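This report refers to the structure that appears directly beneath it.
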Amino acid sequence: MRTVSILVVDPFPATSHLIHDLLQQDNDSHYQVNWCTSIKEALTEPRDPPADLIFLDHGLEQSEHKNYLGLARRNRFPIPIVLIGDTIDIKEEQAQIEAGASDYLAREELTLYNLKRSIRYAWDLQERESRIAELMDYDELTGAPNRQNFYGRLMQRLDHANASGQQVGLMMLNIDGFKKVNNSLGHLIGDLTIKEVALRLQQSLKPGQQLARISEDQFTISIISRNARAELETLIDRIRQLHRMPYQQLERKVILGCSMGCAVFPETGQDLDELLRHAGTAMHQAKKERGSSFRFYSEGLDTDIANQIALEPELLSALRRQQFVLHYQPRIDLNSQSIVGAEALIRWQHPTRGLLHPGEFIPLAEKTGLIVPMGYWVVYRACKDLEALQSQGMELQRMGINLSFRQFQDDTLLPTIQRLISHADVDPSLLEFELTETAVALNEVHVGHCIRELSKLGLTFSLDDFGTGYSSFAHLQKLPINTLKIDRSFISGVIDNPDDAEIVRAIINLAHNLRKDVIAEGAETPEQVAFLKDNQCDQVQGYYYSPPVNFEAFREMLCEGLQEATG
Ligand code: C2E
Ligand code: MG
Ligand code: MG
């Protein structure tokens, strides 16, 4: 028969004796009753055998025991505490139970039956509470620790690292494009995929590395080590390898990238808050890159973001102050080696910071909505410049103008563009709006409607940064898109990376099969240009021929037929 260890906390021994005597009469169990005088001692001092249950005298200093009851509950103290009071008082009983006691017994009710009932009840309750706590600590779908649990564990790790002179590495990992999986393949496949992601992540961990799922498509991994950065780097390699294999669920195969951001305590995160923030910043930076990518937090990442915040008020007045300018980058036909078009690229002539490139202000303009009027200004300015060129006898076949996904949220998009082109003296078919695959995928129906309407006016369309987003053949076939622009990241790899070369060949073939033109963006070397020509790419836009230049320089380039630009 197991001995049940009871601890009675009371300034005087009388209650303890009474409980001892009553429990001695029980034939079913064997009890050992110990006595101590303060709740603090009961909760903090180790005991052998450890107490299975505490009876706490209600007469003890009220505020003290309330504090300790609260503390015990918050810290999931594993031993149930039953209060013993002087009177039967329902209100008091309720208050004590709310404060954290498992049960309340009046001294006059102390009988063997009541004691046994109270002990059994307190145990049951404790078991149920710890089961609920366990469920609350773990993510139901993957079984990984959840957000709340993750915070607690990370806190402990930081304390431990502080005391032992070690480092804590934190990785935040986000599954790229997971929302699309959920939306297009359904939540069941989404759930199965997340489960599989968690399993693969778990498989890539070494002992001591802790995984948690902190939101739908976001995980964290924390490690404690003497060299956290090196361990994180090895871990990143393993994750990238495992993640490369397609996820197959119910006959559907998907390939998912992931973005990993890391920060290390104490180097790049001095406390819990900073560590989390910096790992998050690094992850958002990683998200900007194609495929599974990672970033370690460094000072510069924050200044990028701080700079953007500082720019916000100035950006709002920049349009009014006419601080935007358009630069033009020529599009070269690979057969004739002549300029056949251009892309208009916005710049901000900032009064103190100098010429700012779109990467520094477009995201902010999209966030604030300023991209809408700014985008109309770009159409207006590009038309004016095109008119000027034409009046001087210089003909272009196409002028590319970038459209942000955000501009499609403007209800006046169709009439405004219609008005802008009707006021300009240019053939609408010369204007080619550049959309990204993501802009189309974000709201296929609406964007599809807009571009069909615009193409009725004679306007043409291209898919920009092709290959980096999410495209379906359906888009390509159904939408009036004339041109595919292969993203620069593929072109830069065509010579050294057989995969990139293969992808570029495939895109060129696909475009031609669908009777679309294809433009390679970002060709910088003669070898890349030769590769593109050999593989029947139609046009090239890249530094090899010319970077974007201001209108005057572009006009001169057209006059001289590129000679200067290509040397
Ligand atoms: P994009 O539309 O893909 O434009 C091509 C970008 O690649 C340009 O950067 C261009 O300068 C750069 N580029 C071209 N050839 C080369 C090369 O050989 N090597 C390298 N390293 N880069 C090359 P830019 O002008 O900084 O523009 C960046 C992005 O900003 C554009 O990408 C476009 O998405 C956006 N953007 C530019 N102007 C506008 C605009 O008026 N409206 C909107 N919504 N977005 C714009
Ligand atoms: Mg573009
Ligand atoms: Mg592009």
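For region 188-230, how many residues are in a helix (DSSP H, G or I) and under 19 Å from the mean Cα position of the chain (by Cα)? Total satisfying the criteria: 10. Return a yes/no flag: does region 515-523 have any residue that is basic (Lys, Arg), in the same structural domain as Ala342 (by TED's automatic domain parsing), within 16 Å of ligand 3 (Cβ to nearest atom) and within 15 Å of Arg331 (Cα to Cα). Within region 515-523, none of the residues are basic (Lys, Arg), in the same structural domain as Ala342 (by TED's automatic domain parsing), within 16 Å of ligand 3 (Cβ to nearest atom) and within 15 Å of Arg331 (Cα to Cα). Selection within region 517-530: residues that are among the charged types (D, E, K, R) and within 16 Å of ligand 2 (Cβ to nearest atom). The member of this set that is most open to solvent (accessible area, probe 1.4 Å) is Asp517.
Residues in region 480-530 that are touching a residue at least 40 places away in the same chain (Cβ under 8 Å), over 20 Å from Met399 (Cβ atoms) and of a type in the set (S, T, N, Q): Ser489 alone. Among the residues making up region 118-163, those that are open to solvent by less than 40 Å² (accessible area, probe 1.4 Å) and at pLDDT 90 or above are Ser118, Ile119, Asp139, Thr142, Ala144, Pro145, Asn146, Phe150, Leu154, Arg157, Leu158, Ala161.
This table checks each residue for (1) open to solvent by 40 Å² or more (accessible area, probe 1.4 Å); (2) at pLDDT below 90.
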| residue | (1), (2) |
| --- | --- |
| Leu201 | no, no |
| Lys206 | yes, no |
| Ala212 | no, no |
| Glu216 | yes, no |
| Ser225 | no, no |
| Ile239 | no, no |
| Met245 | yes, yes |
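The criterion of being under 26 Å from the mean Cα position of the chain (by Cα) and assigned to a helix (DSSP H, G or I) holds for Arg406.
The residue pairs whose first member lies in region 294-321 and is closer than 14 Å to Pro363 by Cα and modelled with pLDDT of 70 or more, whose second member is outside any helix (DSSP H, G or I) and not acidic (Asp, Glu), and whose beta carbons are closer than 9 Å, counting only pairs six or more residues apart or on different chains, are Leu311/Trp348; Leu311/His350; Leu311/Arg353; Leu311/Leu356; Leu315/Trp348; Leu315/Leu370; Leu316/Leu370. Do we have any residue at all in region 386-393 that's at pLDDT 90 or above, within 14 Å of ligand 1 (Cβ to nearest atom) and buried (at least 20 other Cβ atoms within 10 Å of the Cβ)? The answer is no; no qualifying residue exists.
The values are calculated or read from the model by the stated rules, or taken from the named source; none is laboratory data. What you are looking at is a predicted structure, and each value in this text was computed from that prediction instead of being measured. All Cβ positions, glycine included, derive from the backbone under ideal geometry; neighbour counts span all protein chains shown. Keep in mind that these areas ignore ligands, DNA and RNA; they rest on the heavy atoms of the full protein, side chains included. Shrake-Rupley method; radii C 1.70, N 1.55, O 1.52, S 1.80 Å.
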